[in-house]
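Asker: For reference, the structure I am asking about is given below.
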Amino acid sequence: MKNLRPNELEGGGARGGMAARPVLVDPFGRAISYLRVSVTDRCDFRCVYCMAENMSFLPKAEVLSLEELDRVCSAFIARGVKKLRLTGGEPLVRRNVMTLVESLSRHLRTGALDELTLTTNGSQLAKYAAELKAHGLRRINVSLDTLDADKFRAITRWGDLSQVLAGIDAAQAAGLKIKINTVALRDVNDGELPAMIEWAHGRGMEITLIEVMPLGEIGEGRLDQYLPLSMVRARLAERFTLEDIDYRTGGPARYARIAETGGTLGFITPMTHNFCESCNRVRLTCTGTLYMCLGQEDAADLRKPLRASESDELLFTAMDEAIARKPKGHDFIIDRRHQRPALPRHMSVTGG
């Protein structure tokens with residue numbers, strides 16, 4: 001990423017010397033203030049609800065360079081995005097990804113961006129935690145579904161739990177706040193969820209439970225994996241005192257405080273409770289494809305206008321046209337009649 005020119009992009013981040021542009025607003029009056037960017041489709045795990053064991057990854061020629069990713073992100077920031085989350089695959093396996101993080105951090109310094117954050121599986125955190133903190137990240141999400149080493153290897157197909165726990169240690173030592181993301185899996189980790197909540201809260205971390213989403217062929221039965229969080233919450237209420245709280249982090253989670261631990265517990269429920277009414281998010285893949293909704297197939301190609309001109313005029317036009325098509329919500333279904341994935345793309349493509 002030698003060609004990044006931070007000084008040239010300082011401030012609004014858009015090229016072409018244009019006047020300030022209006023914020024992006026969808027047809028339902030929702031301002032788009034949150035961009036999730038998948039910097040790579042590659043991952044060093046193969047989680048059973050996310051990927052097939054033998055994945056085919058994108059050729060490098062189709063993937064945006066780090067400079068191009070910086071340019072698109074900066075264009076969205078110029079149009080009102082205030083929160084930017086880097087995802088994957090596993091974002092920290094992207095070669096030289098910290099150069100991108102460093103460059104994007106200029107928007108934190110100018111105040112154009114409120115938060116730069118990242119979702120990771122934790123495998124590379126021991127290596128990068130201190131650098132992430134130095135570049136202005138305050139908190140990160142770590143995906144972790146079990147504290148049982150054998151079960152962890154089974155879920156991730158070849159991950160090492162001790163490596164992830166060492167990464168969490170390093171992140172906390174660096175001063176990063178951590179939220180644990182846990183996918184609830186029927187007959188896999190459902191009996192372990194109370195202990196995971198106590199573990200996370202005992203270390204001063206938040207934890208959010210997530211329902212399985214019907215994305216991509218993964219070689220497993222979706223209905224066998226699917227565990228409604230309404231059922232999980234009812235079970236947890238037998239052990240803990242849960243109080244709903246008006247707490248938001250910019251994402252789709254709804255939160256409760258647990259009296260016994262003093263910590264917060266989030267619920268992301270795309271299946272049992274559609275969280276679309278307040279959706280302020282869009283998702284950009286590493287190929288420059290913009291998905292206006294995680295649960296819809298409609299997408300916009302931003303790579304073509306990005307590469308067609310050094311000015312961002314064409315890019316802005318493509319962004320406007322895309323946001324004008326953002327749907328009201330998704331149509332996820334999992335039941336005996338709908339065991340095929342709702343969409344063919346894997347979760348790793350859009351980063352959740």
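The values are calculated or read from the model by the stated rules, or taken from the named source; none is laboratory data. This is a predicted model, so every value here is computed, not measured. Glycine gets a Cβ as well: all are built from the backbone with ideal geometry, and neighbour counts include every protein chain shown. The area values use the complete protein model at the heavy-atom level, side chains included, leaving out ligands, DNA and RNA. Shrake-Rupley method; radii C 1.70, N 1.55, O 1.52, S 1.80 Å.
Asker: Which fully enclosed helices (runs of 4 or more DSSP H) of the range 79-188 have 1 or more residues being hydrophobic (A, V, I, L, M, F, W, C) and over 30 Å from PRO228 (Cα atoms)?
Answerer: 97-104, 106-110, 125-134, 161-174
Asker: On to the next question. Any residue in the range 50-79 that is closer than 19 Å to LEU24 by Cβ sitting within a Cβ distance under 7 Å of a residue that is hydroxyl-bearing (Ser, Thr, Tyr) and open to solvent by less than 30 Å² (accessible area, probe 1.4 Å)? List the pairs, counting only those 6 or more apart or interchain.
Answerer: Qualifying pairs under 7 Å: ASP70/SER103.
Asker: Another one. Is it the case that ALA171 is open to solvent by 20 Å² or more (accessible area, probe 1.4 Å), among the hydrophobic types (A, V, I, L, M, F, W, C), more than 15 Å from PHE267 (Cβ to Cβ) and modelled with pLDDT of 95 or more?
Answerer: Working: open to solvent by 20 Å² or more (accessible area, probe 1.4 Å): no; among the hydrophobic types (A, V, I, L, M, F, W, C): yes; more than 15 Å from PHE267 (Cβ to Cβ): yes; modelled with pLDDT of 95 or more: yes.
So ALA171 fails the test.
Asker: Keeping to the range 174-185, report how many residues are buried (at least 16 other Cβ atoms within 10 Å of the Cβ) and in contact with a helix residue (DSSP H, G or I) (Cβ under 7 Å, 6 or more places away or on another chain).
Answerer: Of the residues in the range 174-185, 7 are buried (at least 16 other Cβ atoms within 10 Å of the Cβ) and in contact with a helix residue (DSSP H, G or I) (Cβ under 7 Å, 6 or more places away or on another chain).
Quick grid of which residues meet (1) modelled with pLDDT of 90 or more; (2) among the basic types (Lys, Arg); (3) crowded, with 22+ Cβ neighbours inside 10 Å; (4) assigned to a loop (DSSP other than H, G, I, E, B):
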{"position": "THR272", "(1), (2), (3), (4)": "no, no, no, yes"}
{"position": "LEU314", "(1), (2), (3), (4)": "yes, no, no, no"}
{"position": "LYS328", "(1), (2), (3), (4)": "no, yes, no, yes"}
{"position": "ASP335", "(1), (2), (3), (4)": "no, no, no, yes"}
{"position": "SER348", "(1), (2), (3), (4)": "no, no, yes, no"}
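Asker: Considering only residues that are open to solvent by 40 Å² or more (accessible area, probe 1.4 Å) and among the charged types (D, E, K, R), look in the range 76-119 and name the one that is farthest from VAL48 (Cα to Cα).
Answerer: The qualifying residue farthest from VAL48 (Cα to Cα) is ARG109.
Asker: Same structure again: What's the number of the condition ALA61 fails, among (1) open to solvent by 10 Å² or more (accessible area, probe 1.4 Å); (2) closer than 21 Å to ALA126 by Cβ; (3) not charged (D, E, K, R); (4) not in a loop (DSSP other than H, G, I, E, B)?
Answerer: (2)
Asker: Would you be able to tell me the number of residues in the range 120-158 that are touching a helix residue (DSSP H, G or I) at 6+ places or on another chain (Cβ under 8 Å), open to solvent by 60 Å² or more (accessible area, probe 1.4 Å) and farther than 17 Å from THR182 by Cβ?
Answerer: 5
Asker: Which residues, counting only those in the range 47-58, are more than 13 Å from THR287 (Cβ to Cβ) and surrounded by fewer than 17 Cβ atoms within 10 Å (Cβ to Cβ)? Before you say what the answer is, go through the steps one by one.
Answerer: Of all residues in the range 47-58, those more than 13 Å from THR287 (Cβ to Cβ) come to 47-56.
Matches in the range 47-58: ALA52, GLU53, ASN54, MET55, SER56.
Asker: Based on this model, can you work out whether PHE28 counts as aromatic (Phe, Trp, Tyr), open to solvent by 40 Å² or more (accessible area, probe 1.4 Å), in a loop (DSSP other than H, G, I, E, B) and modelled with pLDDT of 90 or more?
Answerer: Criteria met by PHE28.
Asker: Of all residues being over 17 Å from the mean Cα position of the chain (by Cα) and not in a strand (DSSP E or B) in the range 282-302, which is surrounded by the most Cβ atoms within 10 Å (Cβ to Cβ)? Just the residue, please.
Answerer: In this case the residue turns out to be LEU302.
Asker: Please specify each residue of the range 213-259 satisfying the condition of being part of a loop (DSSP other than H, G, I, E, B), exposed (fewer than 13 other Cβ atoms within 10 Å of the Cβ), modelled with pLDDT of 95 or more and of a type outside the set (Val, Ile, Thr).
Answerer: GLU238, ALA259, listed by residue number.
Asker: To continue, here is another question. Would it be correct to say that GLU67 is farther than 17 Å from CYS286 by Cα and out of contact with any helix residue (DSSP H, G or I) (no Cβ under 6 Å at 6 or more places or on another chain)?
Answerer: no
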